[in-house]
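> Below you'll find the structure I mean.
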Amino acid sequence: MRKKPYSLWKRKLPSGASIYYIRFRLEDDSWGTAKSSGQTTKTAAEAWAINYLSSGQVVTRENVTFGTFARGFFAWDGAYLRTLRSRGRQTGARHAANQQAYIDNYLIPEFGAIKLVRLDSERILDYALELQERGLSASTINHILTTLRTVLQYALRKKYIQVVPQIDTVGGVKAERGILDPEEVKAFFMLGWRDIRYYTINLIAATTGMRLGEILGLQRASVHDEYLEVKTSWERGVGLKGTKTGRARFIPIPERTAGALREAMTITPFTDPTDLVFTGRKRNAPLDHKMVQDSYAKALAAIGIDEECRRERGLTFHSWRHFFNSLLINARIPVLKVQSLTGHSTDRMTENYFHADDFKDVLSILGGIG
């Protein structure tokens, strides 16, 4: 008789609810680590298990981070290159060193602390877009992405991930990101948000053009009644650091954004000036990037933009930055003023001296969002 490929059982949570957990049978007939299905009925849990199995192979180790797996990946005497040589495939020492440099200088700083199983195509796409913003050439970005694909293909072979996420290369022209139209934005923010923090994070992004890392790295002392002082950013695997330009910038905020911020700041018990606004489970770390991105995707689905449509239109959390930029440019706000707000400016404007009156035109445009 063929053995069932999974087993399941109920676990009672502190809240009183019960969730089904599932363990999958491995090739050696042992059982893998238990996974929460998130389901409260046996039928739904079994459907989840079947869907998991149909998505790809059963993962044998789920807690391996990208940094742990990729550190020294292209070492000449390492497992990956030894495997290649055993199959008669050769690679030069210089090429291997270049590949490892892409890992050490770009991929580990961005993805190092993330578990391999949580590295998805949307997160990779966001990073590729970020590299374009930094001014890296399409050729360099594609080399980085190719290196990433090589690492993940080997992780798949080792059964550390279910499937290799889609990794699209970039063209010579900066990739266009989709943006929501005004009616979609209105519907997005009119949803019944169960957690004010995720509503506020999206609202800040839409009305300031701030990067997600800058929002998550926002400290309480940087929040003022009429503006935000953007001087820190949170980078996964690194922690709190300065902005990309190395300079603070000041961004006016509409009253609706300020009000949402005030409400969101009452949730956390950590109220020192240097504490983060959007604290996660630990005092010294913010909410998880992936959870914020998931909240964005779920909100889009709630207004009728499903995953397929989202991917087709190129909509990611970073799209708020493009929405903000496009909204101001189309309203004929001077380009230098827009650059001073987004932090793109190469010309030194008076961004270290914020004057509310200078941005009345911007606030009048943003006031209706949210």
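The values are calculated or read from the model by the stated rules, or taken from the named source; none is laboratory data. All of these numbers come straight from a predicted model, not from anything done at the bench. Every residue, glycine among them, receives a Cβ derived from its backbone with ideal geometry; neighbour counts consider all protein chains shown.
> Inspect segment 154-172 for any residue being assigned to a loop (DSSP other than H, G, I, E, B) and more than 30 Å from residue 65 (Cβ to Cβ) and give the result as yes or no.
Looking for residues that are assigned to a loop (DSSP other than H, G, I, E, B) and more than 30 Å from residue 65 (Cβ to Cβ), one finds at least one in segment 154-172, hence yes.
> Let me ask something else. Does residue 168 satisfy being of a type in the set (D, E, K, R) and in contact with a Leu (Cβ under 8 Å, 6 or more places away or on another chain)?
yes
> Okay, moving on. Residues in segment 286-302: is at least one over 26 Å from residue 106 (Cβ atoms) and surrounded by 19 or more Cβ atoms within 10 Å (Cβ to Cβ)?
yes
> Identify, please: which residue in segment 310-360 is over 23 Å from residue 201 (Cβ atoms) and among the basic types (Lys, Arg) and is, among those, modelled with the lowest pLDDT?
348
> Next up: Could you tell me which numbered condition residue 59 fails, if it satisfies all but one of (1) in a helix (DSSP H, G or I); (2) at pLDDT below 70; (3) closer than 21 Å to residue 123 by Cβ?
Only one criterion is unmet by residue 59, namely (1).
> Quick test for you: out of 263, 255, pick the one residue that is within 15 Å of residue 195 (Cβ to Cβ), out of contact with any strand residue (DSSP E or B) (no Cβ under 8 Å at 6 or more places or on another chain) and acidic (Asp, Glu).
So the residue among 263, 255 that is within 15 Å of residue 195 (Cβ to Cβ), out of contact with any strand residue (DSSP E or B) (no Cβ under 8 Å at 6 or more places or on another chain) and acidic (Asp, Glu) is 263.
> Okay, moving on. Residues 125, 180: which one is outside any loop (DSSP other than H, G, I, E, B) and either touching a residue at least 12 places away in the same chain (Cβ under 8 Å) or charged (D, E, K, R) (or both)?
Going through 125, 180 in turn, the sole match is 125.
> Let me ask something else. Out of curiosity, is residue 239 buried (at least 20 other Cβ atoms within 10 Å of the Cβ) and of a type in the set (Gly, Ala, Ser)?
The answer is no for residue 239.
> Separate question: What pairs come up if the first residue lies in segment 225-238 and is touching a residue at least 24 places away in the same chain (Cβ under 8 Å), the second is part of a strand (DSSP E or B) and surrounded by fewer than 16 Cβ atoms within 10 Å (Cβ to Cβ), and their beta carbons are under 9 Å apart, counting only those six or more places apart or on different chains?
From residues that are touching a residue at least 24 places away in the same chain (Cβ under 8 Å), the pairs are 234/241; 235/241.
> Let me ask you something else. Being touching a Leu at 6+ places or on another chain (Cβ under 8 Å), of a type in the set (Lys, Arg), surrounded by 15 or more Cβ atoms within 10 Å (Cβ to Cβ) and closer than 25 Å to residue 130 by Cβ, is that true of even one residue in segment 245-266?
Yes, some residue in segment 245-266 is touching a Leu at 6+ places or on another chain (Cβ under 8 Å), of a type in the set (Lys, Arg), surrounded by 15 or more Cβ atoms within 10 Å (Cβ to Cβ) and closer than 25 Å to residue 130 by Cβ.
> Please determine whether any residue of segment 135-148 is of a type outside the set (Ser, Thr, Tyr), modelled with pLDDT under 85, surrounded by fewer than 16 Cβ atoms within 10 Å (Cβ to Cβ) and more than 15 Å from the chain's Cα centre (by Cα).
Yes.
> For segment 71-94, check the following and say yes or no: at least one residue is modelled with pLDDT under 70, closer than 29 Å to residue 110 by Cα and surrounded by 10 or more Cβ atoms within 10 Å (Cβ to Cβ).
yes
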